[in-house]
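Asks: Take a look at this one; I'll ask things after.
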Amino acid sequence: MAGRVPAQKRVLQPYAAAGRSLRTGRFMTGGLTITEVARRTGASARALRYWERLDLLPRAARSHTGHRLFSPDALRYVEFIGKSRSVGLSLAQMKRVLTLVRRGQDPCPEVCLWMGEKTQELERQIRALQRLRRRVMSVARSGSRRNCAQSDCCAKGRCFLVSDLPHSPKKGEIVHAQTDHARDGAVRRAGG
């Protein structure tokens with residue numbers, strides 16, 4: 001009985017806590033199932049599989065039944081992805097950061113450059129949204145429900161958005177609706 005391990009030293013691991021690493025072939029204990037990682041991080045299992053495929057997450061080991069078993073470090077990588085997303089980094093940029101870190105290089109210079117570019121883009125978007133807000137407020141002020149017919153918004157009884165269209169009928173004008181099936185069409189009144 002020289003090859004047997006005493007009963008008190010044998011520890012049976014549940015399926016979800018043990019597996020063989022795909023990269024090293026070593027037996028892994030204490031792994032987290034994809035469901036557990038998803039529950040702890042709030043990320044979906046689908047997102048976790050996608051991020052693993054992109055190498056944003058370390059490759060998970062597999063249990064004897066083929067289920068993914070992530071190391072506890074996966075939680076920190078998901079946190080990194082969340083922080084990166086919160087400042088607008090793309091998946092390619094996240095991958096670049098991880099590549100630099102894995103090579104032992106500092107990613108900060110590139111991240112700072114990206115943040116400067118992102119800040120400029122946000123400033124452009126803010127200016128565009130402020131212009132849009134002024135236009136919308138101007139139309140809203142000139143065309144309230146009470147005085148819409150007398151406002152610039154609805155000059156000549158038609159909404160300013162469609163007043164210059166070639167087939168924009170005036171209120172009360174008879175319209176002949178042409179269809180592919182009936183040449184003579186249906187008759188209806190505009191605005192009613």
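Asks: Tally Lys/Arg at +1 and Asp/Glu at -1 over every other residue whose Cβ is under 15 Å from the Cβ of Glu117; what's the total? Write out the running numbers ahead of the final one.
Replies: Numbers: positive: Arg96, Lys118, Arg124; negative: Glu110, Glu121, Glu123.
Neighbour charge sum, excluding Glu117 itself: 0.
Asks: I've got another one for you. Output the peptides 74-86, 51-63 sorted from most to least packed, where packing is the average of other Cβ atoms within 10 Å over each peptide's residues.
Replies: Values: 74-86: 15.9, 51-63: 18.0.
The densest-packed peptide leads the list: 51-63, 74-86.
Asks: Lys and Arg at +1, Asp and Glu at -1: add these up for the other residues within a Cβ distance under 11 Å of Met94 and post the number.
Replies: Values: positive: Lys83, Arg85, Lys95, Arg96; negative: Asp55.
Residues near Met94 contribute +3 overall.
The numbers here are math on the coordinates, done by the rules we state, and not lab data. Since the structure is predicted, the reported quantities are computational estimates derived from the model, not experimental observations. In this analysis, Cβ positions are derived from the backbone assuming ideal geometry, glycine residues included, and neighbour counts consider all displayed protein chains.
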